[in-house]
Amino acid sequence: MRKRSLTAAATLAALIGSMALAAPSYADTDRPIPLSDAGDTVVDGVHQHIFLADRYNNRIVVTDATGKVTGTITGLPQVRDLELSPDSGTLYAALYGADKIVAIDTAQLKQTAEYPTGPGTIPSSVSYADGRLWFGYGDQWDSGLGVVDLTAETPTVTLDLAAGHDFASPPKLYADPDNPGTLVALDAGISSGPIVVYDISSGTPVIRVTEDKGGFYKDAALTPDGHDIVVAGPGTRALTEYRLSDLAQVRTYPVKDQPETVAVAPDGTVAATVLDTDDIGDTYVFTGGPDKPSVRNVSHSWMPWGAHAISWSADGAKLFVQTGSGGSTQLHRIDEPRKYQATLTVDAPTKAERAKSLKVTGKLTSGLALPAGTPLKVTRTDMESPNGKSLGTRSLGTGGAFAFTDTPPSGGKVTYTVTFEGDAAHTPAKAADSVDVSRAKPALTVNNNGKVYAYGKDVTFTAHLGKTYKNRTVEIWADPFGSDKPNRKVKSGKVNSDGNLSVTLDLKRDTKVTAKFTGDSRYTSASASSTVGARVSVSTSVSGHYKSKSTWGHTYYFFHKSKDPLITTKMSYFPGRAQKFEFEVYYQGRWYPGDPAYFKLGSDGVSKVRINGDHGEDVGWRFRVRSSYINSASGDTVNSTTHGAWKYFTFTK
């Protein structure tokens, strides 16, 4: 709940402070606030503070005038209602969970006094009037009205001051220094609960007028002169204003769902939030009286229930709305609450052809309709104009509709932004929509695909780019096989007059070479790849022989039958790699293979195989061996299959 309680001097100070902080243009903002269970909200214009009661965490969260959290006041068990003194020097808080009311210095943000209200009183509302703190306390039919007399030398607490009225729930209390001697109490917890207006000029409440207005009141706010009260609830779709002198109905403010909270600015502007079960808008502002529609109809994701969720800045220039709950609570600041909210929609085709005309439509709507001819600025953003290109001004048609045509010179994502700059009665609005405009596909190739080269061969790769618009730059990337070698850009540059860009690579592994073109405003991006193989380096040597000579068409190594041949293989190394060792024997004009075997390479790439045994039976026979790398079977896949040369030998006595 909220009560207007600023003196004229405090109001002037708040106005000056607010003007210094005012944003130069319309810009609603949302700020996250660490609030778990929303309670009351009070705005202190003198110190530029907003106080928010967090009853679940037993604290008050403090923000600055922009909604940025600047501090917390802790140790306040189940803090409920808040009230600001007329000079804004003290904040009073009703502590439901501690049976007391505390005073807090608004400059230092520290507690300065406490006023116990009695065991089990559980005070839940507080209002300052005529130098006294009036408070509602209790539960259901055990509720009542009490007072802390701050005018006494030692502040005293008095209970049971309802003046004969039997409250069905703790009363919600409202007072205003512009209407001294008056206290308003809402018996909000029952359908037959009345509005009770007390005369408190003597210090002892006397019922001046009371009338049942339907009960179940959610919230209320006094008008600037303190003579009327605007009530949210019961479950009607309107706010109702009553005259305090006789509780006669003065006017209503229609809303589209059950009203939840209400606040009145110093100039009489009424703001409210509603339950919004149909998601049609939960925040309303009435600046032109009951015969004019609300200038605001904002929809938030969720509004807190049972809390005073809306408050004006002290000068009435801005409106603060508390939204969300728990970990997603936010303070929404409306910077121009008295202007009708304008809403723009823009609808462009999903797809279109480049260099052909397309049509964009949309609507500009508001609670106060804008006349035909209202100017709208149009901007096109595309690859040719990444910062936007003005297409001039278009005029609003009848019924808030507009349409225009354009011929996009650029392909790709093209965005049309429409801007209404606002006027004296309407907030600015901006909206955009994008269209996917076609682009041609360029030709791009890379040579050498499928070829296999010797280990360490220098190979030239050429990327060829066909016709494009402006961009003639190509990147060439090389991705050697194996997870230990990253894909890397090896060259980037403009193609020559023939459309070619070349790079020479030293191939030591199978490699995927990719050419990339990023595209331009008329041609799409493209890529092309060429995968080539690289053999391993492999050599085989024989030792232990007593001679070698050319015979039978090859160089043969001769071994005494008592000597074991040692075959040494040197191969390009890779972790875990093994060489395939093949052994064959010659008989009657052809070679017959034995069972091959795989032998691991050392870290130096060397593998030694000794052919041992009784070679007496091998005398006169001809043998040959070979070492090979077999892709995959040799333990890895980073090179292409490579066979070493055959080595021939025989045994003698």
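A few notes on this one:
- Filter result for residue 394 (crowded, with 18+ Cβ neighbours inside 10 Å and either touching a strand residue (DSSP E or B) at 6+ places or on another chain (Cβ under 7 Å) or closer than 30 Å to residue 471 by Cα (or both)): no
- All positions within region 157-196 that are at pLDDT below 95 and either outside the structural domain of residue 219 (by TED's automatic domain parsing) or β-branched (Val, Ile, Thr) (or both): 190
- Matching residues in region 93-135 - criterion: being under 14 Å from residue 147 (Cα atoms), surrounded by fewer than 22 Cβ atoms within 10 Å (Cβ to Cβ) and touching a residue at least 60 places away in the same chain (Cβ under 8 Å): 130, 132
- The set of residues in region 556-593 being touching a residue at least 60 places away in the same chain (Cβ under 8 Å), under 18 Å from residue 652 (Cβ atoms), in a strand (DSSP E or B) and touching a strand residue (DSSP E or B) at 6+ places or on another chain (Cβ under 6 Å) consists of 556, 557, 558, 559.
- Checking each residue in region 182-212 for being surrounded by 19 or more Cβ atoms within 10 Å (Cβ to Cβ) and outside any strand (DSSP E or B) picks out 187, 188, 189, 193, 200, 205.
- Among residues of region 347-368, those that are over 17 Å from residue 415 (Cα atoms), within 28 Å of the chain's Cα centre (by Cα) and among the aliphatic types (A, V, I, L, M), counted: 1
- Checking each residue in region 151-180 for being surrounded by fewer than 14 Cβ atoms within 10 Å (Cβ to Cβ) and closer than 16 Å to residue 209 by Cβ picks out only 164.
- Residue match in region 321-334 (condition: part of a loop (DSSP other than H, G, I, E, B) and crowded, with 20+ Cβ neighbours inside 10 Å): yes
Here is a yes/no grid of residues against (1) modelled with pLDDT of 95 or more; (2) within 21 Å of residue 335 (Cα to Cα):
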| site | (1), (2) |
| --- | --- |
| 3 | no, no |
| 11 | no, yes |
| 25 | no, yes |
| 31 | no, yes |
| 34 | no, no |
| 49 | yes, yes |
| 62 | yes, yes |
| 74 | yes, no |
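For every residue, the table says whether it meets (1) of a type in the set (A, V, I, L, M); (2) farther than 18 Å from residue 326 by Cβ.
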site	(1), (2)
32	no, no
44	no, yes
71	no, yes
84	yes, yes
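- Residue count, region 164-181 (criterion: touching a Lys or Arg at 6+ places or on another chain (Cβ under 7 Å) and part of a loop (DSSP other than H, G, I, E, B)): 2
- When region 427-472 is filtered for residues that are closer than 17 Å to residue 497 by Cβ and under 35 Å from the mean Cα position of the chain (by Cα), only 471 remains.
- The set of residues from region 429-478 being surrounded by 16 or more Cβ atoms within 10 Å (Cβ to Cβ), in contact with a Pro (Cβ under 8 Å, 6 or more places away or on another chain) and farther than 30 Å from residue 346 by Cα comprises 465, 468.
- Selection from region 38-69 of residues that are over 24 Å from residue 265 (Cβ atoms) and without any contact (Cβ under 8 Å) to a residue 40 or more places away in the chain: 54, 56, 57, 58, 59, 69
- Conditions (1) assigned to a loop (DSSP other than H, G, I, E, B); (2) under 22 Å from residue 222 (Cβ atoms); number of the one not met by residue 122: (2)
The values are calculated or read from the model by the stated rules, or taken from the named source; none is laboratory data. Note that the structure is a prediction, hence the values are computed from the model and not measured. Cβ coordinates were reconstructed from backbone atoms using ideal geometry, including for glycine residues, and neighbour counts include every protein chain displayed.
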